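Let me begin by presenting the structure, written as structure tokens, before commenting on it.
The values are calculated or read from the model by the stated rules, or taken from the named source; none is laboratory data. Remember, it's a predicted structure, so these values are computed and weren't measured experimentally. Using ideal geometry, Cβ is built from the backbone for each residue, glycine included, and neighbour counts are taken over all protein chains shown. In case anyone asks, the SASA skips ligands and DNA or RNA and just uses the protein heavy atoms, side chains included. Shrake-Rupley method; radii C 1.70, N 1.55, O 1.52, S 1.80 Å.
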Amino acid sequence: MEKMWLLLQRPDEMACMWRVRMASRRITKLPKDPDLAFCYAMLNRVSRSFAIVIQQLGQELRDAVCIFYLVLRGLDTVEDDMSIPVERKIPTLLDFHKTMYDTEWKFPCGDKDYQELMDKFHHVTASFLRLHRRYQEVIADVTRRMGEGMAKFITTDVDSVQRWDEYCHYVAGLVGIGLSELFVAAGLESSVRQEQANSMGLFLQKTNIIRDYLEDICEQPAPRMFWPKEVWSCYAEQLEDFKDDKHIDSAVKCLNHLVTDALRHAPDCLEYLAGLKARAVFRFCAIPQVMAMGTLMLCYGEPQVFKGVVKMRRGMAAKIMDKTLGMADVYGSFYDFATWMTSKVDTERDPNAHVTLKRLKDIQDICMQSSAFQARQRSLMLQMKAESSATWAVWFLFILYAVFAFGLLGTQETMGIPVAFEEGTSSTELYHKALASLLLVGSTLVVLQSFIDSKS
Ligand code: IN0
């Protein structure tokens with residue numbers, strides 16, 4: 001029933017969902033090599049949308065990125081497991097980049113899928129060792145630097161915004177830098193733009209940290225929080241206070257403050273994406289960024305962040321995956337999300353409203369200045385006009401059909417229809433009346449929906 005309603009309301013999203021489902025079926029075909037098969041099967045389990053996005057890449061680079069992802073997930077599992085004593089955890093994080101070369105190495109920790117990843121990590125190690133040396137070097141180097149950063153933050157709090165940036169650099173910015181190095185190693189890109197690559201990771205990671213407030217604070221056996229104290233202490237005595245309904249106003253103000261901070265990285269991300277040459281690399285990088293901007297838009301001003309999960313509609317996520325093909329689409333989505341977010345800013349009550357509006361305006365300006373965006377807007381406008389004319393024309397045809405089916409305005413006599421039809425007894429007449437009613441109601445709903453859409 002829910003699907004039927006979606007089909008009526010958003011037929012375009014349904015089509016995208018179907019195409020994404022087909023794409024994800026393709027992924028379930030695993031490679032023959034058992035080690036690599038384990039890696040892809042694990043990737044499918046721990047990260048559904050990343051597993052789809054990675055399909056954009058050619059086979060050699062895809063294998064390297066898949067292994068890179070799992071190695072980092074392994075490191076992350078050690079960092080996240082609060083039952084490991086600090087004196088064991090720190091050396092494990094620091095040595096992870098060396099142990100990756102040892103197929104015998106095992107460090108059981110984590111839970112659910114991550115427990116299995118750690119138990120069977122030798123498959124990841126074996127696949128890593130089969131990669132070309134230039135990929136191995138990039139992965140090992142990023143793992144070393146990230147392990148050092150994580151070890152540092154075991155004993156250092158994420159207190160200031162500067163520290164927040166530093167922590168996010170270690171766990172996500174380095175991923176952006178490492179991926180860029182892999183693209184260069186694969187001969188697909190010519191240079192690594194460190195600053196922008198770092199921002200790509202920060203934008204994604206800050207979005208995750210903001211969205212996952214409740215999940216992280218409820219984490220057992222101990223919460224792990226990454227909201228910077230410099231920001232939350234302006235709105236509460238303790239970070240846990242935001243869970244309480246009576247603090248919801250300050251909680252949302254704090255949330256908006258952090259979303260505004262994350263927006264600081266958006267211009268760099270747009271610059272990074274605009275500079276990519278290879279189409280496959282572009283789609284792989286662009287989809288998560290558009291998703292992140294959409295998630296920030298959904299989280300902004302949303303009390304639900306403190307009560308449950310705020311997640312993008314499946315249809316919307318599928319549309320992003322299916323329709324992010326070039327820079328014009330990225331600009332289009334960033335522009336639309338920035339516009340939606342602007343409409344949510346409460347200039348009366350939000351103390352950061354002016355900064356938020358300024359950052360959103362900067363993003364919109366970057367998008368609008370691009371000729372790709374302008375061309376896209378023009379073609380979208382033409383397409384909308386054509387669609388709207390077609391919808392009205394079809395509606396008009398259905399009205400004519402209803403007039404005929406119900407014998408209004410003497411249409412049946414004019415057309416010489418037999419008397420039986422006129423008297424309302426034949427099954428043909430009933431059939432025409434039922435079909436006309438159905439078509440008229442359906443098309444009226446579509447006309448109304450497109451009218452409402454054009455007004456908003
Ligand atoms: C990622 C990033 C990622 C993908 C593509 C290009 C990137 C460029 C720079 C930095 C990171 C890039 O993407 C994944 C996306 C992901 O895992 N999504 C989850 C959904 C979610 O909401 O968490 C999913 O289930 O699919 C990402 O979040 N990270 C990541 C990790 C490793 C690699 Cl190789 C690429 C994690 C992080 C911390 C944001 C970098």
Selected residue (criterion: nearest to the ligand (Cβ to nearest atom)) from residues of the range 23-50 that are loosely packed, with under 14 Cβ neighbours inside 10 Å and not in a helix (DSSP H, G or I) = Thr28
Expected single match for within 15 Å of the ligand (Cβ to nearest atom) and surrounded by fewer than 18 Cβ atoms within 10 Å (Cβ to Cβ) among Glu137, Glu166 is Glu166
Could you list, in sequence order, all residues of the range 210-223 that are free of Cβ contacts under 8 Å to residues at least 40 places away in the same chain and within 18 Å of the chain's Cα centre (by Cα)?
-> Asp212
Filter result (surrounded by 20 or more Cβ atoms within 10 Å (Cβ to Cβ) and of a type in the set (Gly, Ala, Ser)) within the range 72-115 = Gly74, Gly110
For the range 269-291, enumerate the residues that are open to solvent by 40 Å² or more (accessible area, probe 1.4 Å) and closer than 26 Å to Arg163 by Cα.
-> Glu271
Pick from the range 195-219 the residues that are hydroxyl-bearing (Ser, Thr, Tyr) and within 12 Å of the ligand (Cβ to nearest atom): which of them is surrounded by the most Cβ atoms within 10 Å (Cβ to Cβ)?
-> Ser199
Taking the options Val158, Val192, name whichever one is assigned to a loop (DSSP other than H, G, I, E, B) and either in contact with a strand residue (DSSP E or B) (Cβ under 8 Å, 6 or more places away or on another chain) or away from the ligand (no atom under 12 Å from the Cβ) (or both).
-> Val158
Residues of the range 177-189 classified as within 10 Å of the ligand (Cβ to nearest atom), free of Cβ contacts under 8 Å to residues at least 60 places away in the same chain and in contact with a Ser or Thr (Cβ under 9 Å, 6 or more places away or on another chain), total = 1
Output for Cβ contacts, cut-off 8 Å, separation at least six or different chains, first residue assigned to a helix (DSSP H, G or I) in the range 416-435, second at pLDDT 65 or above and of a type in the set (Lys, Arg), reads none
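Yes or no: the range 52-61 includes at least one residue that is under 30 Å from Ile90 (Cα atoms) and either in a helix (DSSP H, G or I) or near the ligand (Cβ under 9 Å from one of its atoms) (or both).
no
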Which one is farthest from the chain's Cα centre (by Cα) among residues in the range 375-389 that are among the aliphatic types (A, V, I, L, M) and exposed (fewer than 11 other Cβ atoms within 10 Å of the Cβ)?
-> Ala386
In the range 3-28, what residues are at pLDDT 70 or above and hydrophobic (A, V, I, L, M, F, W, C)?
-> Met14, Ala15, Cys16, Met17, Trp18, Val20, Met22, Ala23
Scanning the range 92-117 for residues that are touching a residue at least 60 places away in the same chain (Cβ under 8 Å) and not acidic (Asp, Glu), which turns out nearest to Arg144 (Cα to Cα)?
-> Leu93
